[in-house]
Structure formats: C-alpha cells, structure tokens
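Below is one structure; the comments refer to it alone.
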Protein chains: 2
Amino acid sequence: MTSPGKDAGKKDKLLFTPGPLTTSASVKEAMLRDLGSRDTAFIAAIRAIRNSLLGLAGLSREKGYECVLMQGSGTFGVESVIGSAVPPGGKLLVVINGAYGERILKIAGVLGIECEALRCNENRKTDPGEVAGRIGADESITTVAIVHCETTPGIINPVEETGSIVREAGKTYIVDAMSSFGAIELDLEAAEIDFLVSSANKCIEGVPGFSFVICRAGALDHCEGQARSLSLDLFAQWQGLETNGQFRFTPPTHTLLAFERALEELAEEGGVAGRAARYSRNYDTLVAGMREMGFVEYLARGDQGYIITSFRYPAHPAFDFTEFYTRLGEKDLVIYPSKVSDADCFRIGNIGRIQESDVRNLLKAIASVLEELGVENAG
Amino acid sequence: MTSPGKDAGKKDKLLFTPGPLTTSASVKEAMLRDLGSRDTAFIAAIRAIRNSLLGLAGLSREKGYECVLMQGSGTFGVESVIGSAVPPGGKLLVVINGAYGERILKIAGVLGIECEALRCNENRKTDPGEVAGRIGADESITTVAIVHCETTPGIINPVEETGSIVREAGKTYIVDAMSSFGAIELDLEAAEIDFLVSSANKCIEGVPGFSFVICRAGALDHCEGQARSLSLDLFAQWQGLETNGQFRFTPPTHTLLAFERALEELAEEGGVAGRAARYSRNYDTLVAGMREMGFVEYLARGDQGYIITSFRYPAHPAFDFTEFYTRLGEKDLVIYPSKVSDADCFRIGNIGRIQESDVRNLLKAIASVLEELGVENAG
C-alpha cells in the first residue's frame, strides 16, 4: 500500500441493514490488487470459492452438486436460475410472503414464463400444506420457487418441509436463500433443493458484485439450451467455469478476492454454526433491549428469524420515523425502512461484521434519540 | 486501515491486456469503505458518476442525453441495450469484424430477436457503404449495432460515418464502445449514436463490476416495457436511478466508489485528450520497439487503434507462444492471447495505469525472453 485513499481512516457508519453490510477491514483490503482474469492465482481463487461454497452446504461434486458464480446482484442470480431452470412450456409456482417472492414472480412474468402465485400472509411462515394443494390441483406446474429468509418482515420459511412435498410430486425446487445462506444451517440434500441462490454481500460478509448458485448436477444438466439470456445463462456459465476455470465474461475480480477472504474468515469463526451463534446473540440482545424500551416486533417469535427484525412504529405521536432514522444516521448507525405492506414498521439487521457490543451501542443510541424526540415509551 | 491484507505489499503483475487492467493504488483504496446503498454519500457518488460520464462525452441532460449504470460485466450492459432497445418484431443488423460483434449477434439470437449479420474481414475496418447497402435492401431492419474498438485485432471502426447512414435511414443506432470510451474522442451527437455501452474496467481505469450506457433520452423512452429481462431492463434501471437516485437491485458499492475516484483521476490527467495522449505514447513506443525486434503487426497501420495491438507469431521455429507468455508472466508482465481466427497472433494492450517506462520494461523483457528461447529475429 502506497498512500491512503482520501477517505481511508474515516470511520464508516455501521450498517444494521439487509445488505450491503459492514465487512471486515481485511475483506476490503483483499481488493487492493489487480489480477488478470486469466491469472493462475485468480483462477485458483475462483476454484477455492466454488469448493468452499459447496463445503459450507455440506456438499461436494462427488455428492452430485455444482456451484456456479454469476455477475451482478442477487436478483441477477435468481433471474439466471428462473430463466435457465424452467423448461420451455413449463409453469412456475411461486410461494410468496413478501417482496422477494413477488420479485421472482415478476422475473418469470417478464421472461414470458407461465407462473402462478401462492400468496401467504406477510406476517406468517408459508404453509407447506398449501403448496401441496396447489401442486396437486395443477399438473402443469413443473417448478416451485420459495424464499428462505423473506427479509421483508424477517421470516424464515419452512423450505425443508416444502422441499419434501415438491420432490414427492417430482417438480424442480428453487430456493432463494439470499439472506440466510452461511448463517442458517440448511441441509440441501434433506430439503431436496435443486437450485439454491445466494449473494456475495450477505451472511458470508463479502462485498456486493456477484451471486452464486448451488445446484444438483442433474438439475443443472437439464438447463442446457434453456436460458432466455446469454449473460444470465446458468448452464453456459457453469460450462465456462468448468472448461478453463474462468468466467465467460469479465468477472468482478476484486469482489471475488474479497469473497475468498470472507470465506476464510467465516471458517475461522467456526463456519455456519459459529456465524449463526454470533448473529443469534446480536438478535437476542437487540430484541431484549428493544422490548425494554417498549418496542413491539411485527412477527410472532416463532416466525421470526435472527437475520433481521421488523419493529412496529411506536404509537406515541412524537415518533417520526424519518427523524428517528436521520438522528441515528448522525450517530453513524444505519437502520432500514420496512417493506411490510400492512403495518408501519422499520427493520434492524443483525448480520454483517457486527458484534454484540455494536448492538448495545445501537440500543443506547435508540434510547437517546427517543428521549430527544420526547417518546417516553416506544410501545 | 487496521492491518494490511495478507497479499498487500506484494507487487502485482502489470496487465498489458484488454481488461481487467492495472489500476492506480488510490482507485483501489477508494474501496476500503462500506457504504449503505441508500446512504446519501453513496447516492451522491452515483449522481456524480452519471454526470461525469455524460460530461466525458461532451453531453448533458439538457442536451437530451441520459446515463444508466448496469450491474455485471460489459456484456451484461450490451445485452440490456439489445434486449431493451430493439422493439417487439424489430430486426437487428449487426456489423461484425471480430468476437465482440459476434457476441452481439449471439445475444440477439438467444433473446429471440430477428437479426442479420454483416460480416466484414477481421483485418479491415467495417465499410459504411456496405451498411448502407444492407439497410437499403431490407426495410424490416429497425436497429443497427457495431463495435467501436474491436479488440479481437485492435481495429477502430468508422462509427461516425456509419452513424450518418443509420440516422439517414431512420434506424436506431447502438455502439459497443467498451474498449474505447474515455480514451478515444467520440462525438455522440455527430455520430448520431442512440445507445453507447462501455464498462467500468476499461479506459476509465476503474475495477470491473458494472457497465454504463449513454443514450439519447428520446431513444431511451422507446425502451419502456420492451425489455426481455427484469434485471437487464435498461428503462426500468434508469427510472429507478431517477426516482430515488438508487439502483433497483443491490449495486456493487465498492466498485462504484472506485469508479468515482477513477473518473477524478481521468479528469486530473486531462480527460479524454490526456488519456489518449498517454495511451498513444504507449502504443508508439510499443510498436517501434516490437518492430525493431522484427515483430510484424496483424493490421495495417491505418486500421490499427492505439488501444491494443495484435502481433503475428515470429516465423522462427524456436518460438513457442505458451513458453513466451509464461516466461513474461514470471517477470510479472501479462500479455494476452489473440482471438483472430485467420492468423497466429498475440495481443499487447496499452491501456490501464501503464506508463511509457512500463512499456520500455516490457520490451526489454520480450527481448530477453526471445534470447532465452533462441529466437534471433521475431519476423
């Protein structure tokens, strides 16, 4: 390193959001290099990343699973799977209880794929029984898609039970695990998942720039020639990675180097179990402290995951969300608005390079802002 | 900055390639931050980038032009334009003299867009007269696409003359300026370009992760509802950026911060003219030195641009490209294989954070490797 960048040394705000997240200094410093996309060191990094991701899922190529990396945000990854995995003339059932389920439906619509929505209440887990009913009632359904952690409210959906039903019916099963993979244990084999999609900048704590797909090799094989896009062709992307270890089109080299480091740090933390433990501690501390101030969660505890939590606005007339958000921002703490459609809520994420002490500081700051606003009780 | 990354301090190889390129330390250091995607500082960076890109092209919103940023590699940007700009039932004429023209054709094919190829010889500029002929002969053509700098051999195509013909015929005009924008003066208004696509990691010397599109506002308006993809919907992406200054889907935040810095450094170098001057000096020094050793360029001087140069393999039987490439790599110098189909060539790029002294060092290294290989003359 020669000279520090103009903003280096300046402390960034802590991000209590669904992502992009706060990452470690060493993850960002892994980007202080320029590697050619054909460089053997870079090709080795791609290989290591693909193998580590399979390993994180308890899978391997020997077990019949593959890992594909795709440029762009998580949505690009989801679109690559929907556009590649649904066969011509196929029909997609999308199980929806939030904005990300709706997005899958929208992707299929734009791609001209016949699809049907199974809409569930935003404040409840999806119901595997309803999925069984829909599949049973419509033989033309070929593919089922669901979101694992629907961050709209912060729900964890029952992807394992749903998977058994989808497998039994012989359909292809797609899981959007954007905000859960790496921090919530999930057995892809037991859950009968054909395609799981996640992103670099979520629980693995890399920086944004690409998504990844973990899939059954047999299901991937069926994608050949089916893609509705050249850039987002999942099978061709896999084939490219297999042929020479490289991306077909310019990869986000720096982002990948950061991700390689992030995977090492995840392993150092004890893998998925270790990360789940830290995020759970963050969550427990957050919810206890928020409740103490009178805040009420949007979800029932049984439906709530430890990734991100929606809180209802306090009923107190002096509470103003924009003011609340802005004043926390002035203290270098970033929370997030909510996308829940039937209640006024905001969200606080527990993921990223955030420790329990950071959550405690956030709670103190929230208490102080409430006092400034004249909100005595946040209930 | 806390501790240096594990590879910090290690000197990276210099990249004499078409990209990703060698970038400045300060561009990379701009990535040592985590900004939220809704952060006002980040939204300001996006705005500054979009305005600077228009400014680089001598354009502005007042002049009726817009700038859209799109996640993914340059190909993702090209696909977003092809998939959004060609109307339903439209027909695309692709002017081709290399791999990137072929790629546009492939994109259109996968998207189910009717298209026709006007293939020209790889070692010659495309011929505007032939474009006029094709357009005249087929009224159903709605859109014409061409590559400005076809890096396959390193040719600069006559996009201005072609533009006049396309405009006269009332067709939409798309230019892939991936490897030229920012380093070759191009008047979009005079060239009658409706959509120009380029990428973060080329002549502006940012790091890879997104592409950008500069377009006539009127042409962009026509794209509404036409996209064949949700992720790669150019109009929706623009609309998102206009509505709240944000990307619709998670942006590559770090890559964008690096790009903002890269644009500042381009301005410090004297803008397009300043950068063109440095790249031209690199090119002149390279070609003079290579000729001295006996190397012969693939292209005639009049067809050759100063971005990247293809050289024929020496006829000497002791020349082995893999060995040549590997030994240069051991000296931390990376050149590039060629995609030219009718001759054995390799390529050397003059772009990225490379100075004339670096080119001189490369020439010395090439002379030394030739000597090691026993190639007395590279002709």
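The values are calculated or read from the model by the stated rules, or taken from the named source; none is laboratory data. Source: prediction; values computed, not measured. FYI the Cβ positions are ideal-geometry reconstructions off the backbone, even for glycines, and counts take in every protein chain you see. What goes into the accessible areas is simple: the full protein's heavy atoms, side chains included, and nothing from ligands, DNA or RNA. Shrake-Rupley method; radii C 1.70, N 1.55, O 1.52, S 1.80 Å.
Data overview
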| read-out | value |
| --- | --- |
| Cα principal axis extents for segment B:119-240, largest first, Å | 39, 33, 24 |
| Positive minus negative residues near A:Glu102 (Lys, Arg vs Asp, Glu; Cβ under 11 Å) | +2 |
| Equivalent ellipsoid semi-axes - Cα gyration tensor, segment A:1-153, angstrom | 37, 22, 15 |
| Peptide-level mean, for A:66-79, of C-beta atoms on other protein chains within 10 Å | 4 |
| Kirkwood Rh in Å, taken over all unlike Cα pairs in the protein assembly as shown | 27.0 Å |
| Computed [θ] at 222 nm, deg cm²/dmol, the protein assembly as shown (DSSP H ≥ 4; -39,500 (n - 2.57); rounded to nearest 500) | -12500 deg cm²/dmol |
| Estimated vicinal HN-Hα couplings, Hz - segment B:197-203 in sequence order (Karplus 6.51, -1.76, 1.60; Gly, Pro = x) | 10, 8, 9, 5, 9, 10, 5 |
| Over segment B:271-373: Kirkwood hydrodynamic radius from C-alpha pairwise inverse distances, Å | 14.1 Å |
| Buried accessible area, chains A and B (both chains, 1.4 Å probe, Å² to nearest 100) | 5400 Å² |
| In sequence order, calculated HN-Hα J values of segment B:346-354 (Karplus, 6.51, -1.76, 1.60; Hz; x Gly/Pro) | 10, 10, 10, x, 10, 9, x, 7, 10 |
| Nearest-first distances (nm) between copies at B:Arg167, label 7 Å from Cα via Cβ | 6.2 |
| Shielding by partners - mean other protein chain Cβ count within 10 Å, residues of B:219-229 | 2 |
| Average accessible surface area per residue within chain A, 1.4 Å rolling probe, Å² | 34 Å² |
| Karplus 3J(HN,Hα) series, Hz, for segment A:361-369 with 6.51 cos²θ - 1.76 cosθ + 1.60 (x for Gly, Pro) | 5, 4, 4, 4, 5, 4, 4, 5, 5 |
| By accessible area with a 1.4 Å probe, ligands and nucleic acids excluded, highest first: order of A:Lys364, A:Lys125, B:Lys202 | A:Lys364, A:Lys125, B:Lys202 |
| Cα centroid separation - segment B:52-115 against segment B:175-234, whole Å | 6 Å |
| Pairs beyond 22 Å (Cα-Cα), from B:Lys331/B:Lys364; B:Lys125/B:Lys339; B:Lys91/B:Lys171; B:Lys63/B:Lys91; A:Lys11/A:Lys364 | B:Lys63/B:Lys91 |
| Debye intensity ratio in log₁₀ form over the Cα atoms of segment B:47-88, taken at each q of 0.23, 0.24, 0.34 Å⁻¹ | -0.87, -0.90, -1.03 |
| Delta accessible area of at least 30 Å² on complex formation, residues of segment B:253-278, 1.4 Å probe, chain isolated as reference | B:His254 |
| Partner chain coverage, peptide A:92-102 - average Cβ within 10 angstrom | 0 |
| Residue-count net charge about B:Ala217 - beta-carbon cut-off 14 Å; Lys, Arg +1, Asp, Glu -1 | -3 |
| Of B:Glu114, B:Glu168, B:Glu269, the one that fluctuates the most in a GNM where chain B has Cα springs shorter than 10 Å | B:Glu168 |
| Percent breakdown of C-alpha pair distances by 5 Å bin, ordered from the shortest bin, for segment B:30-267 | 1, 7, 15, 20, 21, 16, 11, 6, 3, 1, 0 |
| Share, in percent, of DSSP beta bridges within chain B that are antiparallel, nearest 5 | 55 percent |
